[in-house]
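Before any comments, here is the structure.
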Amino acid sequence: MNHQYFMETALELAARGAGYTSPNPMVGAVVVKDGAIVGQGWHQKAGGPHAEVYAIDDAGERARDATLFVTLEPCNHFGRTPPCTQKILSAGIRHVVMAMADPNPDVKGGGADFLIRNGITVETGICEDQARRLNEIFIKYIRTKRPFVTLKCAATLDGRIATRTFDSKWITGPAARNYVHELRHRMDAIMVGINTVTADNPRLTARLEVKTAIDPVRIILDTNLSIPEDANVLRIPSTADTIIVTGNSAASPKRKRIEMSGAKVIIADLKDGRIDLPSLMHRLGQMGLTSLLIEGGATVSASALQSGIVDKVCFFYAPKILGGDDGVPMCRGAGPELMAQSIPVSDITVRQFDGDVMIEGYIKQDKPPCLQAS
């Protein structure tokens, strides 16, 4: 039996849940009998049936004495749905192959142990690295209760995100911008600084042509509560919240008007006159936000990198050159004195979107957090 092929099929199914399952992981499953897939499914939304349930129901009676390939250890506890281990047992599955154990230290191994005690053979570790990367957000959040942070930036080849007049439309082409909307759809929240709001007046929504997108929670860093009251983020119709993070703790008529518009204003800790980002990440985690996409601008990008909150970078480079030193750089402010003090990026991948190139990598780790042993 080609274990890798069937697990890769399950992983492809799992990826269909991207953007819809948070705070749950993405999970896919296939039921295999006599060398053929007879049932398949994936976790489609939080609170809904798990992948194993869909796959076993799809297989029906053919599940008896079959093998189940699943990308994550089946659950053995009651949450919003019954334990999948009971479903596997009652269906007559005889063999379970899972890509990885549950990363939750409170439940890890419980599902596999239950199946083994009830006479079902269990294998693990098939396509484990792919499974961990697929659920890197879930893995970090379940271990740390802080969001997985991705920093996105789009720049010219000479490293500028806008001209000296702050014009930035458009650096990259439609294909790259569409992928950014996919990133927004997959993330619980998106964060920008107040300068981006005043310069670009973005909507910070997710807009996809091929499927229904889920808007991320919009987070604006605005230390002095200077956001224009007609900003798009305060007026757009969306099911996702807009949160203004400010260091101004005094009640004010403007704050009341902003809150009456439907946005939320939260008071954050300050450090050196700016929002303390590590403290904010702790707070966002307490709010149940498992992932965060930072889209800048230059000051926020620099602060995020220097504060150590970034897990992953997605840097887009367009085939354009401004050819001057007066445009807006990718990061603004003082950097290190020595090259040896630069921030290392590991596990690099490169992807092309028409003429634009995206460089993706992980910050400060020999291995990405999702690939480290638990």
Handout entry: Separation between Cα centres of the stretch 270-300 and the stretch 1-44, rounded to whole Å
Key = 34 Å
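How much of the accessible area of the stretch 235-291, in percent, comes from carbon and sulfur atoms when a 1.4 Å probe is used? Present the calculation step by step, with values, prior to reporting the outcome.
Details: 1580 of 3200 Å².
Here it works out to 49 percent.
In the chain, what percentage of the DSSP-assigned beta bridges are antiparallel, given to the nearest 5? Walk me through the intermediate numbers first.
Values: 27 of 61 bridges.
Of those bridges, close to 45 percent are antiparallel.
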Handout entry: Where the Cα pairs of the stretch 92-158 fall when distances are cut into 5 Å bins, in %
Key = 3, 14, 18, 18, 14, 11, 7, 5, 3, 3, 2, 1, 0
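List the pairs from Lys45/Lys271; Lys45/Lys140; Lys33/Lys140; Lys264/Lys312; Lys33/Lys211 whose alpha-carbon separation is above 30 Å, in the order I gave them. Each step should come with its number before you reach the end.
On the way: Lys45/Lys271 38 Å; Lys45/Lys140 20 Å; Lys33/Lys140 35 Å; Lys264/Lys312 27 Å; Lys33/Lys211 32 Å.
Result: Lys45/Lys271; Lys33/Lys140; Lys33/Lys211 exceed 30 Å.
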Problem - 15 Å Cα-Cα reach of Lys254 towards aspartates and glutamates, excluding residues that sit fewer than 8 places from it in its own chain - result: Asp222, Glu229, Asp230
Exercise for the section: Determine which aspartates and glutamates satisfy two conditions relative to Lys145: a Cα distance under 18 Å, and not lying fewer than 8 residues away in the same chain. Expected result: Asp102, Asp106, Glu136, Asp188, Asp276, Asp311
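Does the stretch 1-152 come out rounded, prolate or oblate, given a ≥ b ≥ c as the square roots of the eigenvalues of its C-alpha gyration tensor, rounded meaning a/c under 1.5 and, failing that, prolate meaning a/b above b/c? Can you show the working numbers first?
On the way: a/c = 1.68, a/b = 1.48, b/c = 1.14.
It is prolate, given that a/c is not under 1.5 and a/b is the larger ratio.
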Handout entry: Helix 277-286 vs. the chain, principal-axis angle (Cα, 0 to 90°, nearest 10)
Key = 40 degrees
Exercise for the section: Send over a whole-number figure in Å² for the accessible area per residue of the chain, probe 1.4 Å. Expected result: 48 Å²
Practice task
Would you tally the net charge around Ile137, using a Cβ to Cβ cut-off of less than 12 Å, leaving Ile137 out, and scoring K and R as +1, D and E as -1?
Solution key: +4
Completion exercise
Rg/Rh of the chain (Cα atoms, Kirkwood Rh), to two decimals, equals 1.02
Practice task
With a 10 Å radius around each residue's Cβ, average the other Cβ atoms per peptide and rank 30-42, 227-239, 184-196, highest first.
Solution key: 184-196, 30-42, 227-239
Exercise for the section: Find how many whole Å separate the alpha carbon centroid of the stretch 54-91 from the alpha carbon centroid of the stretch 215-259. Expected result: 45 Å
Practice task
Under 11 Å from the Cβ of Ala66, count the other residues' Cβ atoms, weight Lys and Arg +1, Asp and Glu -1, and hand me the total.
Solution key: +1
Fill in the blank from the handout: Given unit charges at Cβ for Lys, Arg (+) and Asp, Glu (-), the dipole magnitude of the chain about its Cα centre in debye, nearest 20, is 860 debye
Handout entry: log10 of Debye I(q)/I(0), alpha-carbon scatterers only, for the stretch 249-358 at 0.15, 0.19 Å⁻¹
Key = -0.93, -1.24
Fill in the blank from the handout: Cβ-Cβ cut-off under 13 Å around Val357, Lys and Arg +1, Asp and Glu -1: the net charge is -1
Completion exercise
The set of residues whose placed amide H lies less than 5 Å from the amide H of Glu123, leaving out same-chain residues fewer than 5 positions away, is Val96, Val97, Met98
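Please report the antiparallel percentage of the DSSP beta bridges confined to the stretch 12-171, to the nearest 5.
Numbers: 10 of 18 bridges.
Antiparallel: roughly 55 percent of the beta bridges in the stretch 12-171.
The values are calculated or read from the model by the stated rules, or taken from the named source; none is laboratory data. All values derive from a computational prediction rather than experimental measurement. Neighbour counts run over all protein chains shown; Cβ positions are idealised from the backbone, glycine included. For accessibility, only protein heavy atoms count, side chains too; no ligands or nucleic acids. Shrake-Rupley method; radii C 1.70, N 1.55, O 1.52, S 1.80 Å.
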